[in-house]
Each structure stands twice: as C-alpha cells, then as structure tokens.
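Bear in mind that the values in this text are calculations on the coordinates, not laboratory data. From a predicted model like this one, the values you see are computed outputs, not experimental measurements. Positions of Cβ are backbone-derived with ideal geometry, glycine not excepted, and every protein chain shown enters the neighbour counts.
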Amino acid sequence: MKRRSFIQNTLSGAGFVGLGGALLTSCSSFSKKQITILHTNDVHSHIDPFPKEHATFPNLGGLARRATLITQIRNENPNTLLFDAGDIFQGTPYFNFYGGELEFKLMSTLGYDAATIGNHDFDNGVDGLLAQMPYANFDFLSANYDFTNTVLDGYTSPFKIFVVDGIKVGVFGLGIALDGLVTKKLYKETLYLDPIEMAQDMSRILKEDKKCDLVICLSHLGYEYKSSRQLPSDVILASKTQDIDLIIGGHTHTFLDKPVIRNNRKDKPVLINQVGCYGINLGRIDFFFDGSKKSTGKGMSIKV
C-alpha cells in the first residue's frame, strides 16, 4: 500500500484523550507547567528482579520496584505519561507459559499510556499478539507497520494525542524491518513502510495539523549502528526529520544515563533516550512550558 494511502486509511483510528479519558478538541492556555515522561524498552518479560548473585545485574529490576517508582513520581507530578518502546515479550518462562497475558496485565496495572511494537512481540505471530491485546488497557502505536491484510488490522493506531493539563502531547510509533529478524509465517502480510518517511509525515501532522505542543516518537529502530549501510536508527531519524521533540528508543539495549541531543534537519535539538533492557532502568524526562515557549528540563535513567 502506498504511504499516503496508508496514512489516510489509518488516521481514522487515531484520536486524542485527556488524562480522564474524555475526548478533547482544543487545549487551554498554560504557563509554567511541567510534563513528566516515563519510559521503558526491551523489558523482555522480566517480571522479577535479578538475583543478588547475578554477574551483570545483581538485585536490579523487577516490576514491583518499577511500580513503586512510578507511583512516587506520579504523586510528585500528576502530569505524567508512561510509555514503552517495544519488545515487551520473550525472555523468561513467564512468556513461554502465559504468552504475554501477564506482561500486558501488569503493564495495565502500572497505568501505561501507550507502547509501540518490537520484533519480539511477534514471537507468537500476529495471532498470538492479537490474543493478548484484550489484556492491554493501553494503546499500541505503529505508523510504519501496515496491518491491513492481517488479523491486527484496526488494533493499532499510527499516533495518539494526550491532553495533559491543557498541553497537547502527540505520540507515534515506529518499528524495525521484520524481514531477517522475524520469520514470514509469524508476521504474515504485515507491510513495512519506510520509517523516516512515515516519521516525517506523522510529526508534520501532529505539529502542524493537530497543533501539538510536544511530539514524541516511540521507536524500536535501534539507537545507532556501526555499519557501512545506513540502517534506519534513532540517530538518523533525528537528523533527517523535523518537528520531533523526543525519541524514546529500543531494540539495541543501549544504556544511556541521560538523553542524547542531536540536531534535526532544521538544526534544532532532538532528545534521544533509551534505558537498556530487562526493566533495569526507568527513563524520566521532564518538559517545562512557560506560555507558548517550551524548554527541556533534566532527563535521566533511574535504577529500578
């Protein structure tokens, strides 16, 4: 399917809601407001903390600890959104036994707002992913996977807009090329669309058409690749697009202590962050708004 046609067909499934769930069509004036973005990636079904004798991650991680951190931060700032950048599935016996049901139920309990789809989220096929979606009380965002001819058609949106204390936050998702990572029989007729082109379309729609104050990409492309081939990555995505404020990354298990800043094609800064894997860290980035002027506050990875 052509890229423009795909956008037109899928935008009908995209919407925007306030934190209370009510449909909103405009934002009120705001000043001196803080939006906190929390995020994870590549958790890979790690529910429990690592044992204290683990060679690499002794006594780190665990969903219960993450839940405590998230609750504390939300108590500090109710204007908080929580996202995941894919590869929710595969890595512990929890996935082998429950097929993703437990992961989605627990993420729903933690109050995730949206997630994108990673390559390992296809490990039980599109049918297996669909079977677990009823347990997810959050949105799946994917702008460059065309699921039209699969059972997942209509179960994802290219973007969603959250209105938080009068500030419009537009979020869209991108996935990595599945060919070579996932067998065809698992992703079936899913079509992969160019992520850079789709990102530019999405960010333009969110910034110009929908008048979003903040545009976020949930990316499972990978942070950066040392290769002669220009594989799509978060660093390339930042440099070749405009209107994206923050890229929340996944796939390469890159541990960043704080967001990296790269300039976009208009020479304006873009934040890129990724917090490794297995739920070891929780990413936090704060955006501050004063009138119509946005500035970036402190970003960090918090040990869980």
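Brief remarks follow.
- Exposure proxy ranking, count of Cβ atoms within 10 Å, fewest first, for 229, 262, 284: 229, 262, 284
- Among 203-209, 81-87, the peptide with the highest mean count of other Cβ atoms within 10 Å heads the list, and the full ranking is 81-87, 203-209.
- DSSP beta bridges fully contained in the chain are about 55 percent antiparallel.
- Cα-based shape type of the chain, given that a ≥ b ≥ c are square roots of the gyration tensor eigenvalues and the cut on a/c is 1.5: rounded
- Only helices enter the 222 nm calculation for the chain: every DSSP H run of n ≥ 4 contributes -39,500 (n - 2.57), and dividing by all residues gives -6000 deg cm²/dmol, rounded to 500.
- Report note on the peptides 93-104, 237-248: ranked by the mean count of other C-beta atoms within 10 Å, highest first, their order is 237-248, 93-104.
- Put simply, when 55-63, 189-197 are sorted by average Cβ atoms within 10 angstrom per residue, most first, you get 189-197, 55-63.
- Each Cα pair under 8 Å and six or more residues apart adds its sequence gap; the mean of these over the residue count of the chain is a relative contact order of 22 percent.
- Among 266, 188, 160, sorting on how many other beta-carbon atoms sit within 10 Å of each Cβ, with the fewest leading, yields 266, 188, 160.
- Listed from fewest to most Cβ neighbours within 10 Å, the set 300, 198 follows the order 300, 198.
- Computed over the range 203-262, relative contact order equals 38 percent, with contacts defined as Cα pairs under 8 Å that lie 6+ residues apart.
- Percent of C-alpha pairs per 5 Å bin, the range 167-206, short to long: 5, 20, 23, 17, 14, 11, 6, 2, 1
- Cα gyration tensor shape for the range 115-236, rounded if a/c is under 1.5, else prolate or oblate: oblate
- Among the trypsin sites (Lys or Arg not before Pro) within the range 43-81, those in coil by DSSP and having at most 14 neighbouring Cβ atoms inside 10 Å are 52.
- Applying 0.36 nm per residue to the separation of residue 71 and residue 137 and subtracting their alpha-carbon distance, the gain on full extension is 22.0 nm.
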